[in-house]
Structure formats: C-alpha cells, structure tokens
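Contents: one structure, followed by commentary.
Just so you know, all these numbers are worked out from the coordinates, no wet-lab data involved. If you're wondering where the values come from, they're calculated on a predicted model, not measured in any experiment. With ideal geometry, Cβ positions are generated from the backbone for all residues, glycine too; neighbour counts draw on all protein chains shown.
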There are 2 protein chains.
Amino acid sequence: MKDRRLLMIPGPVEFTPEVLQAMSLPTTSHLAANFAEVFGQALERLREVVRAPGGQPFVVAGSGTLAMEIAAANLIEPGDRALVVNTGFFSERFVSILERYGAEVTVLTPPVVGDTPPPEAVEEALKKGPFKLMTVTQVDTSTGVLTDVRTLALLGRKYETLVVVDGVCSVAGEELWMEEWDVDLTLTASQKAIGVPPGLAIVVAGARAMEAFRKRKTPVRSYYADWANWLPVMESYEARRPIYFGTPPVNLVWALNVSLGQMLAEGLENRWARHRHLSAAFKAGLTAIGLKLVPVSLQKAAHTLTTAYYPEGIDARLLGLILEAGVIVASGRHSALGDRYFRVGHMGAVTASDILATLGAIEWALARSGYPFDVGAGLAAAERVLAG
Amino acid sequence: MKDRRLLMIPGPVEFTPEVLQAMSLPTTSHLAANFAEVFGQALERLREVVRAPGGQPFVVAGSGTLAMEIAAANLIEPGDRALVVNTGFFSERFVSILERYGAEVTVLTPPVVGDTPPPEAVEEALKKGPFKLMTVTQVDTSTGVLTDVRTLALLGRKYETLVVVDGVCSVAGEELWMEEWDVDLTLTASQKAIGVPPGLAIVVAGARAMEAFRKRKTPVRSYYADWANWLPVMESYEARRPIYFGTPPVNLVWALNVSLGQMLAEGLENRWARHRHLSAAFKAGLTAIGLKLVPVSLQKAAHTLTTAYYPEGIDARLLGLILEAGVIVASGRHSALGDRYFRVGHMGAVTASDILATLGAIEWALARSGYPFDVGAGLAAAERVLAG
C-alpha cells in the first residue's frame with residue numbers, strides 16, 4: 001500500500017508495528033470470551049485516556065463524522081438551541097449536523113481564520129441563552145487552531161450548557177482532563193492521535209450528557225447512532241458478557257486496545273509533552289526558513305499538526321515535490337484560505353526522526369522550487385529545540 | 001486473537017490470508033493515488049458482484065445495520081408506506097429502522113418461523129398499496145431462511161414499489177442478479193460472504209432508487225447516512241480523483257478490493273455453486289444424525305448458513321463442547337425459538353475441509369453429551385454429497 005514514504009497528514013498517520021499486526025490477526029467471533037476481554041479493556045482504557053473515570057465510552061464502526069452525529073443525535077431534540085465555537089471547517093460541519101437534528105444553532109466566528117472566538121464573546125453569547133449545548137473543536141484539523149477547552153468548559157458550567165468537545169484531532173495528543181474540566185462529551189476517531197487505522201467512531205459521555213439523553217422527550221432520530229441501542233452493548237462488553245446489536249469491527253477494536261495499551265504505558269502526560277516538544281521543533285523549523293503559520297499565535301496552534309502558508313512565489317505544486325522527497329503531507333481544507341496553505345500531521349506514534357525527515361523533505365522541495373532561503377536552517381532550528 | 005480454532009458463525013467468518021494481510025499493510029493517505037485506484041476498483045467490482053452494471057455503489061465505515069439505515073434514510077420520507085417481508089430478526093429490525101424514519105410499515109409474517117410469507121400474500125398486500133418500498137431479507141441470519149428475491153422483485157415492479165434487498169448474509173454467497181431481477185437496492189456488510197473483517201456498510205442503489213432519492217421533498221434526517229454527502233465521494237473515487245467527506249477506512253477498503261478480486265477470479269456462478277454444494281453436504285450431515293433444520297424445507301434454507309434445532313435432551317451447553325472440539329459456532333437469535341437451536345455459518349472462503357471439521361466437532365460434542373446416534377454417520381453423509 002505504501003512504500004517507505006512517511007505519512008505526515010493530519011490522519012491517518014504512521015501506526016506502530018504492533019497496531020498494524022493486530023489488524024491482520026485471524027478474526028474471532030465478536031462474542032468470543034477473549035474478544036470481550038479486549039473490547040472491555042479498551043473501553044476501560046478510553047476512560048483513562050480522556051480522564052473521565054465516570055464517563056460512558058462508545059466505540060462504533062464509523063468515522064469521526066459519525067462520532068459528531070452520535071453526539072448531536074442523542075443530545076439534541078428539535079428546537080434545542082446550540083452554540084458552536086467556530087475555529088474551522090470541522091466546527092462548521094458541526095453546525096450542519098446539529099441543524100440536521102433540529103437544533104437552532106448560533107455560531108461564534110473568530111475575527112480572522114487562525115484565531116479563536118475570545119472567551120468574552122463566548123460568555124456574551126451564553127448569557128443570551130439558555131443553550132442546550134455548546135460545541136468546542138479542541139483542534140480543528142482544517143486550520144490547526146487549538147482552542148482553550150478548559151476556559152470554555154468553565155463557562156459552559158456557569159451557564160448550565162452541555163460542553164461537547166470535538167477531539168478528533170486532539171484526543172491522546174493534546175492535554176484534556178474531561179472530568180476535572182467539566183467537559184460533558186468528548187468525541188474522536190481512531191486514525192489520529194489514537195493511533196489506529198480509520199474506521200472507529202469514539203465517544204465518551206459524561207454523567208450530565210447521559211442524563212440529558214435519558215430525559216429526552218422525543219426518540220433519537222437515527223437508529224445506528226442511538227445510545228439506546230449501544231449502551232447495553234458497551235455495558236455488556238465491560239462486564240465481559242457480550243451481547244449483540246451491530247457486529248463490532250473486531251480487528252479494529254483489537255488494534256485499538258493495543259494502541260491504548262501503548263499509550264498508557266508511555267503515560268498520558270509524557271505523551272502530551274512529546275507532542276508539544278515535537279510540535280515546537282517542527283514549527284521552529286518552518287518559521288526559521290520564513291514560513292508563516294496559519295494560527296495567529298503559537299498559543300493558539302495545535303501540537304498535533306502544523307498548518308503553514310506557502311511562502312511568496314510557491315503554490316500547491318510544492319506538495320508533489322515533498323511527496324517525491326518521500327513524505328506525504330496534506331493540502332489545505334478551508335474555503336477562506338483556499339489553496340494558500342498546507343498541513344502536516346505529527347501525532348500518535350510520531351518521532352523526532354519523522355519531524356526531521358519531514359522538514360528535510362520540505363526544504364528539498366522549496367530549494368527545488370527556487371524559493372530563496374538558507375538551506376538547512378529549518379533542520380538546524382528544529383534540532384536546537386529537540387536537543388534543548 | 002484466535003488459535004487454530006475454526007470460525008463457523010454466520011459472520012465474521014474465516015478470511016483468506018491475502019485479505020488478512022491487506023488489513024495490516026502500512027496505511028496510506030485516503031487521498032493517495034494508489035488508494036484511489038484501489039477504492040475505485042472496489043466500487044467497480046461491487047457492481048459486478050451484485051450484477052448491477054448501472055448501479056451506484058456506496059462503501060462506508062459501519063456495519064450491516066448502518067447499511068439498512070442508509071437505505072431507509074435516503075428512500076423514506078415521513079408518512080411513506082413500506083412493506084416488510086418478515087423472515088426473522090433482521091426483517092424485524094428493518095421495521096424499527098423504517099419506522100424511525102417516519103414510515104408507516106406493514107409487516108407480512110409467515111405462518112411459522114422458518115417459512116417465508118407466500119408470494120400470494122405479498123401480492124395481496126401490495127394490492128392494498130401503494131407502498132413506496134418493500135424490503136426482502138434474502139437470507140435472514142437469525143432463522144437461516146432463504147427468500148425467493150426474484151419472484152418478490154417481479155411483484156415489486158408490477159406494483160411500482162421499490163425493492164430493497166437485505167443481502168447482509170447472502171451477497172456473494174447466494175445467487176443474485178440485481179438488474180435482471182429488477183432489484184432497486186442491495187445492501188450488505190463486509191464480514192459475511194464478502195469475506196472481509198467487520199467494519200464496512202455496503203449499498204448498491206439502482207436507477208429507480210437514486211431517482212426516488214433525488215425527488216425527495218424533505219432532507220435526509222441522518223447526516224452520516226445521507227447520499228448527498230457520499231455520492232460525490234464515491235463518484236470521485238471511481239474517477240480516481242478522490243475528494244473528502246469522511247475518512248474512508250483505508251485498510252478495510254484495501255482488504256475489500258483484495259477479496260472482490262479473489263471472488264471475481266473464482267467466478268460468481270462458481271462461487272454460488274460452491275456455497276450450494278457445501279451447504280447441501282453440511283445439511284445432509286446434520287440430518288443424517290437426526291437433527292432438524294429450522295427452515296421448513298431445503299428450498300427455503302440458505303446456502304450461507306445452517307440453522308438446526310438441538311436434538312431431544314440436548315441444550316445450548318452443546319456449543320461449549322463444540323468449541324472444545326475446535327470450532328466456534330453461534331447460538332440462536334430469534335425470540336420465538338429461544339435457545340432451542342444453533343447456527344453455523346459456511347460462506348465466503350469456506351471449504352469442504354471446514355464442513356467436515358465442523359460436522360466432526362458437532363458429532364464429538366453430541367457423543368460427549370450422551371445423544372444416541374450412529375457416530376460418523378453425519379460425516380459419511382456429507383462426504384457422499386461432497387464426492388458425489
């Protein structure tokens with residue numbers, strides 16, 4: 001499928017050999033005792049990863065978009081008001097999904113793309129509530145913007161609004177303390193910092209979210225997303241007495257448990273720190289050779305990916321050259337920015353070697369493109385951070 | 001995950017080494033050129049497998065239940081009437097899903113579990129229409145009943161009702177000519193006769209189904225199931241110019257293409273015949289030692305699985321002994337039959353060796369349970385069919 005080229009897009013990413021190996025194990029029954037043990041353990045470990053000892057995890061065959069739909073379908077009833085803190089394409093997608101389920105959505109847009117709506121504006125909006133829920137995209141994969149979940153979640157509590165965190169591009173890569181910060185629902189997908197090939201929608205719901213679900217007056221509109229169908233299944237796997245609703249994606253769940261085990265062995269704090277460290281090195285490298293980041297400040301920049309504008313005179317053809325140099329990076333994904341920027345994912349099992357290889361490929365491609373810069377300066381700047 | 005035990009449940013089943021190997025290939029970008037080639041080819045091959053040269057295939061991360069939801073969500077608008085030809089648990093699930101999308105559902109139930117509603121009763125019901133659509137479960141995994149899709153689809157055309165075939169436990173194992181028989185939508189999942197680990201919802205929609213979708217007056221209620229989101233994506237992969245909606249499950253799609261390639265190399269007619277042959281051998285073996293099948297006749301029995309009642313004096317503890325003998329089979333899944341029967345899947349890459357091994361394990365378990373029978377008679381009867 002892929003030769004030795006490095007996959008440095010914001011998901012799917014490079015996976016560990018143990019995770020890939022788990023994918024190819026001869027599939028057993030979804031009701032087998034050893035699979036129940038593995039699925040149950042994965043659910044328990046997910047609670048640890050998002051720091052939600054009292055949370056209810058759901059792991060379902062699907063994508064991150066399905067995880068967003070699961071949140072909307074179970075928490076929204078027609079006419080409910082929702083507030084979307086917009087930091088990019090995926091926040092905007094949440095608007096569409098919430099509206100599909102009958103929500104009246106208020107969208108808070110930042111002054112410029114690359115920024116976040118200020119907390120004061122969020123509080124201002126919440127005052128005009130009540131809102132049933134607020135969505136916060138911890139890292140928007142389209143812009144590379146990091147949102148301060150902790151501060152916004154505090155406001156959510158203050159105004160009694162459920163706080164839903166889209167953690168597709170952040171969970172297991174960015175710091176998150178779901179219960180301590182009073183987050184009510186965290187959603188993610190397998191192929192990003194979780195470190196498993198694409199195919200899993202992952203949701204952890206807190207007590208208030210589950211209570212809001214139980215108090216619904218109308219049935220959930222989607223069948224496949226309905227917690228009424230999945231809750232008994234997740235509880236049964238945790239009890240190691242599996243029951244059936246839909247056939248779980250056995251190999252992906254097995255791989256998930258392997259990855260979660262590796263993650264907890266590394267330690268979440270260590271993992272977050274590794275992401276910060278490698279991100280700092282990569283960003284130092286890019287800026288040293290004159291590239292400008294999309295986020296308005298380093299404080300608002302994700303540690304799981306980097307988004308940067310092409311320098312003057314360079315366009316999206318650069319990606320073809322970077323590929324030629326052996327690294328796969330991603331084009332832009334935000335209508336307002338068009339084809340003026342590119343995205344590099346550095347999460348999950350990412351290493352310092354990956355960071356240097358990617359910077360090297362970018363320098364090589366820029367040099368080939370006639371961009372005037374001090375060749376090697378990016379790598380040197382990154383190495384100073386790595387060795388620092 | 002699984003030692004050398006045989007997995008003989010009605011999905012997931014035993015997969016080929018090539019399919020399992022594809023699962024563990026280092027994941028590439030969902031937008032990479034070689035992945036677009038593979039996904040595009042898989043979509044083309046799906047058309048061949050269901051014999052629908054003009055069909056529109058959809059392959060989405062999910063389960064068979066999601067495939068059912070995709071059919072209901074895109075074809076049903078609130079108030080539409082639907083007719084469900086009920087042959088078991090999964091037909092009944094379709095009732096729930098259709099109702100979730102606002103359909104008024106009429107259910108046709110057979111005289112006894114193990115039978116199918118007679119075509120005359122279906123025509124009688126259709127006369128009292130019009131119905132927007134009719135669902136037919138080609139093989140209901142719960143009862144092992146095979147429904148005559150061809151005859152019912154003819155009736156569907158006669159009464160201008162869309163014919164939706166749940167082929168989760170039949171596609172690539174049972175004969176199906178989607179266009180020739182005038183079927184409007186076929187849905188399935190990866191882990192059964194398609195021969196790929198669980199995690200893919202698969203739908204092929206015919207021209208009339210796509211037209212009904214385009215003529216909708218109301219938006220599709222589910223976002224993740226909405227063809228408006230997926231149609232451009234599927235078209236783009238077939239054109240080898242991939243665009244993004246949700247990240248496709250790259251490794252599963254790669255494995256799907258491998259399995260579809262193996263299937264077409266075998267030849268669909270040969271594959272259907274192999275399923276009929278191995279099924280006949282297995283059923284001959286079971287009946288030779290006195291077991292009674294759940295379907296009322298061999299004509300109404302699936303070729304992808306066998307469902308049989310435990311003989312007098314034997315109960316579900318038999319499954320533990322069969323497992324001890326090295327084969328995993330499945331318990332019952334139909335409320336009316338309770339724990340009185342078990343299910344054995346024999347589809348996909350199933351071989352004569354698997355059939356004999358499974359019969360051997362069942363005979364061993366029955367002998368251990370004190371069931372009086374001529375030990376070896378089941379194997380001998382099966383071998384006479386296999387060698388015949």
Lys/Arg +1, Asp/Glu -1 at C-beta; the protein assembly as shown dipole; positive extreme among B:Ser279, A:Ala352, A:Val183: A:Val183
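Please label the shape of chain A as rounded, prolate or oblate, based on the square roots a ≥ b ≥ c of the eigenvalues of the alpha-carbon gyration tensor (a/c under 1.5 means rounded; beyond that, a/b larger than b/c means prolate, else oblate).
Because a/c hits 1.5 or more and a/b fails to exceed b/c, chain A counts as oblate.
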Degrees between helix B:227-238 axis and first principal axis of chain B (Cα, 0 to 90, nearest 10): 80 degrees
Gaussian network model of chain B, Cα within-10 Å springs - most flexible of B:Asp166, B:Asp80, B:Asp115: B:Asp80
Potential lengthening between B:Ala367 and B:Glu18 on full extension [0.36 nm per residue; Cα-Cα distance subtracted]: 122.0 nm
Whole-number percent relative contact order across segment A:17-266, with pairs defined as alpha carbons under 8 Å at least 6 apart: 31 percent
Förster-model FRET efficiency, 22 Å R0, A:Asp148 and A:Glu179, C-beta, rounded to 0.05: 0.80
Part-to-part distance (alpha-carbon centres) for segment B:94-118 and segment B:225-249, which is given in Å: 32 Å
Choice from B:Leu252, B:Leu25, B:Leu126 with maximal GNM fluctuation in chain B (Cα, 10 Å cutoff): B:Leu25
Charge dipole (debye, nearest 20) of chain A; +1 at Cβ of Lys and Arg, -1 at Cβ of Asp and Glu: 340 debye
Where Cα atoms sit under 29 Å apart: lysine pairs in chain A separated by 8 or more or lying on different chains: 24
Potential extension, A:Ser331-A:Thr109 segment - 0.36 nm per residue separation minus Cα distance: 77.6 nm
DSSP-loop trypsin sites (Lys or Arg not before Pro) across segment A:91-148, with at most 15 other Cβ within 10 angstrom: A:Lys128
Loop sites in segment A:280-388: trypsin sites (Lys or Arg not before Pro), DSSP, at most 15 other Cβ within 10 Å: A:Lys292, A:Arg317, A:Arg340
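Under a Cβ-Cβ cut-off of 14 Å, what is the net charge of the residues other than A:Gly332 that fall near it, where Lys and Arg count +1 and Asp and Glu count -1? If you can, show how the numbers build up before the last one.
Values: positive: A:Lys292, A:Arg317, A:Arg333, A:Arg340, A:Arg343; negative: A:Asp140, A:Asp315, A:Asp339.
In short, +2.
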Positive minus negative residues near A:Leu319 (Lys, Arg vs Asp, Glu; Cβ under 12 Å): -1
Per-residue mean of C-beta atoms belonging to partner chains within 10 Å, peptide B:15-27: 6
Unit charges at the beta carbon, dipole of chain A: most positive-side option, A:Phe15, A:Thr161, A:Val50: A:Thr161
Other copies of A:Asn34: label-to-label distances in nm, shortest first, labels 7 Å along the beta-carbon direction: 3.2
Across the identical copies, how the B:Lys127 labels are spaced - nm, sorted shortest first, 7 Å along Cα→Cβ: 7.1
Between segment B:259-306 and segment B:34-77, the Cα center-to-center distance that results, in Å: 25 Å
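Let me confirm one metric for peptide A:240-252, namely the mean number of other chain beta-carbon atoms within 10 Å of its residues' beta-carbons.
For this peptide, the per-residue mean of nearby foreign Cβ atoms is 6.
Across the residues of B:193-200, average count of Cβ atoms on other protein chains within 10 Å?
5
Averaging sequence separations of C-alpha pairs under 8 Å and six or more residues apart, then dividing by the length of segment A:1-134, give the relative contact order as a whole percent.
Relative CO of segment A:1-134 lands at 18 percent.
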Positive-end extreme of charge dipole, chain A - chosen from A:Ala67, A:Val139, A:Gly320 (charges on Cβ): A:Ala67
Pseudo-label separations to other copies for A:Thr16 - Cα-to-Cβ vector, 7 Å, nm: 3.2
Cα-projected label distance for B:Ala239 with B:His277, points at 7 Å along beta-carbon direction, nm: 4.4 nm
